[in-house]
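The values are calculated or read from the model by the stated rules, or taken from the named source; none is laboratory data. None of these values were measured; they are calculated from a predicted model. Methodologically, a virtual Cβ is constructed for each residue, glycine included, from the backbone with ideal geometry; neighbour enumeration extends over all protein chains shown. Ligands, DNA and RNA are stripped out before the accessible areas are found, and what is left, the full protein with its side chains, is counted by its heavy atoms. Shrake-Rupley method; radii C 1.70, N 1.55, O 1.52, S 1.80 Å.
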Amino acid sequence: MKNSLVILGAGESGVGAAILGQKKGYSVFVSDLGKIRKKYQDVLSDYDIEFESEKHSEEKIMEAELVVKSPGIPETAPVIQKLLAKQIPVISEIEFAGRYNSAKTICITGSNGKTTTTLLTYHILKKAGVNVGLAGNVGKSFAWQVAEENFDVYVIELSSFQLDGMYDFRADVAVLMNITPDHLDRYGYDMRNYISSKFRIIQNQTGADYFIYCADDEVIQEEIKKREINACSLPFGLSENVADGAGLREDQIIINFNQNQFSMSILDLSLQGKHNTYNSMAAGIASMVFKIRNEQLRESLADFKGVEHRLENFLKVHGIDFINDSKATNVNSTWYALESIHKPIVWIAGGVDKGNDYSMLDNLVGEKVKAIVCLGKNNAKLHAAFDEKVKNMVDVTSMEEAVKAAYYLARNGDTVLLSPACASFDLFENYEDRGRQFKREVRNL
């Protein structure tokens, strides 16, 4: 049907796409196989947008001229397969919004660190007085903002799922933090597919654009050798860097861009740890591209408050530190968490395994972890990986049990670390729900 737009999924991105579609003259229909949250039902009703909940009316969906799907819906879903068979275009909310966006974009992806880097970059630009919006996996829907706001720059966090639905979209500044195995269940357990998805961040870039990437990441380095990069490349890493990009010299971050040099001691960064040095470098380079002055950049890197659920030092109870790292949904993210702690650890791990290989944690677990609390419906893979390495392994199926078990296993001077290395969907709504429940149960001790 001419000018018919179907939105599949009525979360933040879907509702935003529906509002933008309506503003641009589309006849919009929103369909969600799950239950639509009341706040989004109310928004759709307020805008007089037709929607259905807990079903897909395929006859109506198949009449669409264009479909925007939620990043959570895999391409293998039956309704998507039928749409593709009919050659009906299926795109992401980011792709759709990009068609109507005139603002500059800083797009950030990676297996780990992308949320922190996105929020830090936004913090720097906002504090410097830039008219900036925050979108993608964090903040308000990009499409919703394009429909109703008037920003000059957007900082957009992009998951691989969002990138998969992007075709003509172009990032003015693309940031690739790292690539480690993640979501392999969604990519046919083939790392090549996942790597290709992440590298969509640079598709359509020209010589007028910028590509900021981690020079220490072996997967990225190998992939760059195979590709023609059109954008201006700005690498960052922990070695000394003399060209444009960022490096480390005697505990000083050095960023060079366009004959301007910025330096700052890593001890003065608000975010400590090796992984956060990378995050600060990437955000720093992106900010210098937008001509943020050195004094403003230094001040923002020193006063940023960090991200909830990411290595969040939450409470000390009877001498035991409780750290909420619920956002660690893959093994590499948990590696950074374990590496950053220098006390005996009681580790709460587990959830929905995404094709995890725990072997990279062997040395750290052997050195630092005194007990593991396995929180999930199926903990067999964790047991197979660590039964021989850790004396105490306990199975639980609720956060209340997990926190109590960890508390009894820990002693004064120890750290209890929630860093699951898995998705949350077996027992929780999402990683935020998991982190909030952790904090609530720690308060109840």
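Summarising the label geometry, the points placed 7 Å from Cα in the beta-carbon direction at E308 and D152 lie 3.0 nm from one another.
What the phi angles of segment 424-430 give under the Karplus curve with 6.51, -1.76 and 1.60, with θ = phi - 60°, is a coupling list of 9, 6, 6, 10, 9, 5, 6 Hz, glycine and proline written as x. Look at the alpha carbon pairs under 8 Å that are at least 6 residues apart: their mean separation over the length of segment 1-86 gives a relative contact order of 38 percent.
What is segment 74-120 by shape, rounded, prolate or oblate, if you read a ≥ b ≥ c off the alpha carbon gyration tensor as root eigenvalues and call it rounded for a/c under 1.5, prolate for a/b larger than b/c, and oblate otherwise? Verdict is oblate for segment 74-120.
For segment 20-142, what ratio Rg/Rh do Cα atoms give with a Kirkwood hydrodynamic radius? Let's see the in-between values first.
Numbers: Rg = 16.8 Å, Rh = 16.7 Å.
On the Cα set of segment 20-142, Rg over Rh gives 1.00.
Could you point to the label whose value was computed as P(r) over Cα pairs in 20 Å bins from 0, in percent for the structure here, given [x] 24, 53, 24, 0; [y] 25, 55, 20, 0; [z] 20, 45, 25, 9, 1? Entry [y]. Computed over protein heavy atoms with a 1.4 angstrom probe, the accessible surface ordering of E367, E400, E93, largest first, is E367, E400, E93. When the P(r) of segment 360-399 is calculated, the portion above 12 Å amounts to 56% of the C-alpha pairs. Charge dipole of the chain (Cα centre as origin; +1 on each Lys and Arg Cβ, -1 on each Asp and Glu Cβ, all else neutral): 420 debye, rounded to the nearest 20.
Taking Cβ atoms as reference points and 9 Å as the exclusive limit, the residues near T115 contribute a net charge of +2, counting Lys and Arg as +1 and Asp and Glu as -1.
Take every Cα pair under 8 Å whose residues are at least 6 apart in sequence, average their separation, divide by the length of segment 228-385, and the relative contact order is 13 percent. Karplus-derived 3J(HN,Hα) values for segment 161-172, using 6.51 cos²θ - 1.76 cosθ + 1.60 with θ = phi - 60°, are 5, 5, 4, 4, x, 10, 10, 9, 4, 10, 8, 5 Hz; glycine and proline are entered as x. The listed residues W144, W347, once ranked by accessible area (1.4 Å probe) with the largest placed first, stand as W144, W347.
PRE reach from Y408 (point 7 Å along Cα→Cβ): which of segment 293-317 fall under 20 Å by backbone N? Under cut-off, by backbone N: 317. For the chain, modelled as a GNM with alpha-carbon contacts under 10 angstrom, which of K140, K38, K368 fluctuates the most? In this elastic network of the chain, the residue with the biggest mean-square fluctuation among K140, K38, K368 is K38. Relative to the Cα centre, the charge distribution of segment 212-266, modelled as +1 at Lys and Arg Cβ and -1 at Asp and Glu Cβ, gives a dipole magnitude of about 200 debye.
Going by a ≥ b ≥ c, the root eigenvalues of the Cα gyration tensor, does segment 380-424 fall in the rounded group (a/c under 1.5), the prolate group (a/b larger than b/c) or the oblate group? Walk me through the numbers on the way to the answer.
Values: a/c = 1.71, a/b = 1.21, b/c = 1.41.
Verdict is oblate for segment 380-424.
Kirkwood radius and radius of gyration were both taken over the C-alpha atoms of segment 305-445, and their ratio Rg/Rh is 0.91. Given all pairs of different Cα atoms, what value in angstroms does the Kirkwood hydrodynamic radius of segment 307-346 take? One over the average 1/r among Cα pairs gives 10.7 Å for segment 307-346.
Percent of accessible area on segment 234-279 owned by carbon and sulfur, 1.4 Å probe?
Values: 920 of 2190 Å².
Roughly 42 percent of what the probe reaches on segment 234-279 is carbon or sulfur.
Students often get this wrong, so check it: of K35/K370; K226/K368; K2/K39; K86/K327; K343/K439; K39/K377, which have C-alpha atoms separated by over 32 Å? If you can, show how the numbers build up before the last one.
On the way: K35/K370 42 Å; K226/K368 39 Å; K2/K39 30 Å; K86/K327 38 Å; K343/K439 20 Å; K39/K377 30 Å.
In this structure, K35/K370; K226/K368; K86/K327 lie more than 32 Å apart at Cα.
Counting only heavy atoms of protein chains, what accessible area per residue, in Å², does segment 189-246 have with a probe of 1.4 Å? List each step's numbers first, then the result.
Working: 2850 Å² over 58 residues.
That works out to 49 Å² per residue.
Residues whose amide H lies under 5 Å from that of I348, counting only those 5 or more places away or on a different chain, are V373, L417, L418, S419; hydrogens are built 1.01 Å from N in the peptide plane. In terms of overall dimensions, segment 186-261 has a Cα radius of gyration and Dmax of 14.3, 45 angstrom. The equivalent ellipsoid that matches the C-alpha gyration tensor of segment 213-371 spans semi-axes of 31, 21, 13 angstrom, in descending order.
If a paramagnetic tag sat 7 Å from the Cα of E222 along the Cα-Cβ line, which residues of segment 338-357 would have the backbone N under 19 Å from that point? Counting only backbone N, you get 355-357.
What's the carbon and sulfur percent of segment 332-376's accessible surface, probe 1.4 angstrom, rounded to a whole number?
Numbers: 720 of 1470 Å².
Carbon with sulfur: 49 percent of the solvent-accessible area.
Return the tail of the calculated pair distribution for segment 222-298, meaning the percent of Cα-Cα pairs more than 21 Å apart. When all Cα pairs of segment 222-298 are counted, 25 percent exceed 21 Å.
Evaluate the relative contact order of the chain (contact order divided by residue number), counting alpha-carbon pairs under 8 angstrom at least 6 apart; express in whole percent.
Values: 924 pairs, mean separation 50.3, N = 445.
Relative contact order here is 11 percent.
With only Cα atoms counted, segment 89-149 has Rg and Dmax values of 12.1, 40 Å. Dipole of the chain computed with +1 at Lys/Arg Cβ and -1 at Asp/Glu Cβ about the Cα centre; of G284, A380, T105, farthest Cα towards the positive end is G284.
For segment 187-218, the residues whose amide N sits under 15 Å from a probe point set 7 Å from the Cα of F425 along the beta carbon direction are 187-189.
How far, in nm, would the chain grow between M360 and R443 when pulled straight, counting 0.36 nm per residue and subtracting the alpha carbon separation?
Contour length minus the Cα-Cα distance gives 26.6 nm.
Give me the percent of DSSP beta bridges within the chain that run antiparallel, rounded to the nearest 5.
Details: 17 of 74 bridges.
Given both bridge residues lie in the chain, the antiparallel proportion sits at roughly 25 percent.
Of all the options A421, A208, A337, the one that moves most in a Gaussian network model of the chain with Cα springs shorter than 10 angstrom is A208. Taking the Kirkwood radius as Rh and the Cα radius of gyration as Rg, segment 21-68 has a ratio of Rg/Rh equal to 0.96. Working note: Cα atoms of segment 135-275, range along each principal axis, descending, whole Å: 42, 40, 31.
For the chain, the mean residue ellipticity at 222 nm estimated from helices alone is -10000 deg cm²/dmol, where every DSSP H run of n ≥ 4 contributes -39500 (n - 2.57) and the total is divided by all residues, rounded to the nearest 500. Computed over protein heavy atoms with a 1.4 Å probe, the accessible surface of segment 267-329 works out to 41 Å² per residue. Between K69, K226, K82, the GNM of the chain built on Cα springs shorter than 10 angstrom shows K226 fluctuating the most.
Compactness of segment 333-405 is given as radius of gyration and Dmax, 11.5, 30 Å, from Cα positions.
If V352, V138 are ordered by their accessible area, calculated over protein heavy atoms with a 1.4 Å probe, which sequence runs from highest to lowest? Please report the intermediate quantities before stating the final value.
Values: V352 50, V138 20 Å².
Largest accessible area first, the list is V352, V138.
Rolling a 1.4 Å probe over the protein heavy atoms of segment 88-197, with every protein chain left in place, gives an accessible area that is 46 percent carbon and sulfur. Rounded to the nearest whole Hz, the Karplus-based 3J(HN,Hα) values (6.51 cos²θ - 1.76 cosθ + 1.60, θ = phi - 60°) of segment 6-23 follow the sequence 10, 10, 9, x, 10, x, 4, 5, x, 5, x, 5, 5, 5, 5, x, 4, 4, with x at glycine and proline.
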